[in-house]
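Input: a single structure, listed below in structure tokens.
The values are calculated or read from the model by the stated rules, or taken from the named source; none is laboratory data. Just so it is clear, the structure is predicted and the values come from calculations on it, not from any experiment. For neighbour counting, all protein chains shown are included, and Cβ atoms are generated from backbone atoms with ideal geometry for every residue, glycine included.
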Amino acid sequence: MSGFGALGLAPWLAAQAEQVGLRKPTPVQEACIPPALQGRDCMGCAKTGSGKTAAFVLPILQKLSEDPYGIFCLVLTPTRELAYQIAEQFRVLGKPLGLKDCIIVGGMDMVSQALELSRKPHVVIATPGRLADHLRSSNTFSLQKIKFLVLDEADRLLEQGCTDFTQDLEVILAAVPAGRQTMLFSATLTDTLNELKRIAMNQPFFWESTSEVRTVEQLDQRYLLVPEKVKDAYLIHLVQTFQDEHEDWSIIIFTNTCKNCQILNMMLQKFNFPSVALHSMMKQKQRFAALAKFKSSIFKILIATDVAARGLDIPTVQVVINHNTPGLPKIYIHRVGRTARAGRHGIAITLVTQYDIHLVHAIEEQIKMKLQEFSAEEQAVLSILTQVNVVRRECEIKLEGTDFDEKKEINKRKQMILEGKDPDLEEQRKAELAKIRKKNAQFRTQVRQTLEDRRQLLLRRKLQKRARRRHHQQEKPKVAGEKGQDLTSSQAGRR
Ligand SMILES: Nc1ncnc2c1ncn2[C@@H]1O[C@H](COP(=O)(O)OP(=O)(O)OP(=O)(O)O)[C@@H](O)[C@H]1O
Ligand SMILES: [Mg+2]
């Protein structure tokens, strides 16, 4: 017996894996599937694109086939798109079982989700916020009997980033049984190991790939040092070059804010590139539509915020461009991991400005390798510079004419309400805080000014004193000299 069968998986499942193209288990699958089948908690830290999803999906399906009921398994993941992708893997591999799954994510209709949950699906794949909302608001389903709890991108679920999952996780962890089997996976688990051990309590089996370098070998990692003001022109030039030279390549461009994502997409479209955007200020339907267009290669360029940085598996992606240098090495690892997956090659280019060099050093230190410089034709960039800057300005003006910022404000208010805060009170509090800060700053400036005035005054006095003394000293010898002259002249007279 070889392949998946040798890891303890039933013949039907090994055959199904082979049928969908998983012939030989990857190292993380080889390491984690046997202990998972033995009932042990499992923590797997393996590089991006190394098959972590199947490492948990396969043993869960095997156990489900032995004792099928719902709700058997709960998978948590940080983004909505990733939840759909994981569900797809369950569906494809679990087809012979007639698997029933249910996706519970934000931005979708809550009533139909509640109905689906009450029908006891075998597997629930969820983002923590929406699932916690269901748990808080209804008692038509229970997670009390689940056998498996999976946290994919586990470190992201635990960290307190811009989307903080910790409160929702608490609600969910209180609703699942203590005797469940827990599986935690990510390409970057190590910083959060201690917190994770609290969740995987059952003497977890921990597996980490042995490679020193934390990114995949097949990935060509480059940086391009560019002045801040010409970044966009470099981006357009890079995209043009890749499109000209490799028609079938898909490109993901990562940027730091939703607004920038929107503007870059508008710009690329103005230059007639087939691009779509993906960020958290888009409606969920638009997000899915954009991703579907990109996945089907109808649109070859995706401009995204870090909402697309983790987990997404799109085999046609050959290039990742970081329009901004990621502030955290971890984010860099996940972003560039959208290419060079499952043994394929890929290239990642990070645009680095004069202000970001220290960030590149931090990245290099973490990934344990140096980025190589990418050479671009400066002359070609210069020739489009003015046009690119004009287009950016036009797009900015166009966006200002829409309700983009207003929407952002509305989203912020919605988030506050969900967190149990009163947006108006918060606003008031913020305004008061700002006033106090302003007053403090004014006071500090005043104190500084008074001290400075006093210092100047003392200095002036000192200088005046010194000048007076010098003047006085100069006066003295003059008097003495006059006397001396008199003396000499009188002496001379006597002689
Ligand atoms: N044994 C295998 N043989 C061939 N391909 C595989 C195998 N296992 C998984 N794959 C494929 O590898 C790709 C990446 O897998 P997956 O998305 O699970 O990676 P990952 O480790 O979760 O990456 P990330 O850290 O980015 O989430 C998928 O397209 C998957 O179908
Ligand atoms: Mg994954």
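Of everything in the range 96-127, what is small (Gly, Ala, Ser) and either in contact (Cβ under 8 Å) with a residue 12 or more places away in the chain or under 21 Å from Glu66 (Cβ atoms) (or both)? Give them in sequence order.
Hits for the range 96-127 are Gly98, Gly106, Gly107, Ala114, Ser118, Ala126.
The rows are residues; the columns are (1) of a type in the set (Val, Ile, Thr); (2) closer than 30 Å to Thr53 by Cβ; (3) assigned to a helix (DSSP H, G or I); (4) in the same structural domain as Arg156 (by TED's automatic domain parsing).
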| position | (1), (2), (3), (4) |
| --- | --- |
| Thr188 | yes, yes, no, yes |
| Glu195 | no, yes, yes, yes |
| Arg214 | no, yes, no, no |
| Leu224 | no, no, no, no |
| Asp232 | no, no, yes, no |
| Leu235 | no, no, yes, no |
| Phe242 | no, yes, yes, no |
| Ile253 | yes, yes, no, no |
| Cys261 | no, yes, yes, no |
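Taking the residues in the range 64-88 that are away from ligand 2 (no atom under 15 Å from the Cβ) and in a loop (DSSP other than H, G, I, E, B) as candidates, determine which candidate is surrounded by the fewest Cβ atoms within 10 Å (Cβ to Cβ).
Asp67
On the given criteria, is Thr353 within 13 Å of ligand 1 (Cβ to nearest atom) and polar (S, T, N, Q)?
No, not satisfied.
When the range 290-343 is examined, which residues are found to be out of contact with any strand residue (DSSP E or B) (no Cβ under 6 Å at 6 or more places or on another chain) and aromatic (Phe, Trp, Tyr)?
Tyr332
Under 31 Å from the mean Cα position of the chain (by Cα), more than 16 Å from ligand 2 (Cβ to nearest atom) and under 20 Å from Leu13 (Cα atoms), is that true of Asp101? Break it down into steps so the answer makes sense when it comes.
Numbers: under 31 Å from the mean Cα position of the chain (by Cα): yes; more than 16 Å from ligand 2 (Cβ to nearest atom): yes; under 20 Å from Leu13 (Cα atoms): yes.
So Asp101 passes the test.
Which condition breaks for Gln203 when tested against (1) in a helix (DSSP H, G or I); (2) at positive phi; (3) of a type outside the set (A, V, I, L, M, F, W, C)?
(1)
How about the range 281-295: which of its residues are assigned to a loop (DSSP other than H, G, I, E, B) and buried (at least 18 other Cβ atoms within 10 Å of the Cβ)?
Met281, Met282
Sort out which residues of the range 149-173 are assigned to a strand (DSSP E or B) and either touching an Asp or Glu at 6+ places or on another chain (Cβ under 8 Å) or more than 16 Å from ligand 2 (Cβ to nearest atom) (or both), and write them in order of number. Before the answer, list the steps.
Taking the range 149-173 first, the residues assigned to a strand (DSSP E or B) are 149-152, 160, 164.
Answer for the range 149-173, where residues must be assigned to a strand (DSSP E or B) and either touching an Asp or Glu at 6+ places or on another chain (Cβ under 8 Å) or more than 16 Å from ligand 2 (Cβ to nearest atom) (or both): Leu149, Gln160, Asp164.
Please work out if Val176 is within 16 Å of ligand 2 (Cβ to nearest atom) and touching a residue at least 60 places away in the same chain (Cβ under 8 Å).
So Val176 fails the test.
Does Ala55 qualify as being farther than 30 Å from Gln366 by Cα, within 14 Å of ligand 1 (Cβ to nearest atom) and assigned to a helix (DSSP H, G or I)?
So Ala55 fails the test.
Can you tell which of His237, His279 is more than 16 Å from ligand 2 (Cβ to nearest atom), under 19 Å from His334 (Cβ atoms) and touching a helix residue (DSSP H, G or I) at 6+ places or on another chain (Cβ under 9 Å)?
His279
Could you check the range 228-242 and list, in sequence order, the residues that are over 17 Å from Gln387 (Cβ atoms) and either modelled with pLDDT of 95 or more or polar (S, T, N, Q) (or both)?
Listed by number, the list holds a single entry, Phe242.
Regarding the range 355-375, can at least one residue be identified that is surrounded by 13 or more Cβ atoms within 10 Å (Cβ to Cβ), among the acidic types (Asp, Glu) and either free of Cβ contacts under 8 Å to residues at least 12 places away in the same chain or touching a Phe, Trp or Tyr at 6+ places or on another chain (Cβ under 7 Å) (or both)?
yes
Yes or no, residue by residue, for (1) within 16 Å of ligand 2 (Cβ to nearest atom); (2) in a loop (DSSP other than H, G, I, E, B); (3) within 19 Å of Val239 (Cβ to Cβ):
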residue: Ile314; (1), (2), (3): yes, yes, yes
residue: Thr325; (1), (2), (3): no, yes, yes
residue: His334; (1), (2), (3): yes, no, no
residue: Ala376; (1), (2), (3): no, yes, yes
residue: Leu382; (1), (2), (3): no, no, yes
residue: Ile397; (1), (2), (3): no, no, no
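Please go through the range 296-312 and pick out each residue that is over 21 Å from the mean Cα position of the chain (by Cα) and either of a type in the set (S, T, N, Q) or not in a loop (DSSP other than H, G, I, E, B) (or both). Don't jump to the end; show me each part of the working.
Pass one, the range 296-312, residues over 21 Å from the mean Cα position of the chain (by Cα): 296-300.
The answer is Ser296, Ser297.
Just give me the residues in the range 23-49 being assigned to a loop (DSSP other than H, G, I, E, B), crowded, with 22+ Cβ neighbours inside 10 Å and of a type outside the set (D, E, K, R), in sequence order.
Correct list: Pro25, Ala46, Thr48, Gly49.
Given the conditions (1) away from ligand 1 (no atom under 15 Å from the Cβ); (2) in a helix (DSSP H, G or I), report the number of the one that Ile60 does not fulfil.
(1)
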